[in-house]
1. Confirm whether Lys57 is modelled with pLDDT under 85, in a helix (DSSP H, G or I) and not small (Gly, Ala, Ser).
2. Which one is surrounded by the fewest Cβ atoms within 10 Å (Cβ to Cβ) among residues in region 1-28 that are under 13 Å from the mean Cα position of the chain (by Cα) and part of a loop (DSSP other than H, G, I, E, B)?
3. Does region 22-54 hold any residues that are at pLDDT below 80 and touching a helix residue (DSSP H, G or I) at 6+ places or on another chain (Cβ under 9 Å), and which are they?
Amino acid sequence: MTERQALHAYLGEEAHSGWQSFAEEHGVSATSLCEVIGIDLGAAAISDDDIFPDLVKRARKIDAQRRRRG
């Protein structure tokens, strides 16, 4: 296994609950889900067209909302 690095995120209550619920339901940790998704994204195993069609659009909207709140 390679050296590990921390990824820190402040999530809204709904998003946090979603990660936790999904992980518990499938018997995995939220950390392991982040790990495999990150590997796939970094390796371009998932092309932009394959990811949920509006994923980047929704993420940009959240980024913009958070920037406005300061």
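The values are calculated or read from the model by the stated rules, or taken from the named source; none is laboratory data. This one's a predicted model, so the numbers in the text were calculated from it and none came from an experiment. Please note: Cβ atoms are built from the backbone with ideal geometry, for glycine as well, and neighbour counts cover all protein chains shown.
1. Yes.
2. His8
3. If the condition is that a residue be at pLDDT below 80 and touching a helix residue (DSSP H, G or I) at 6+ places or on another chain (Cβ under 9 Å), then Ala45, Ile46, Asp48, Ile51, Phe52 are the ones that fit.
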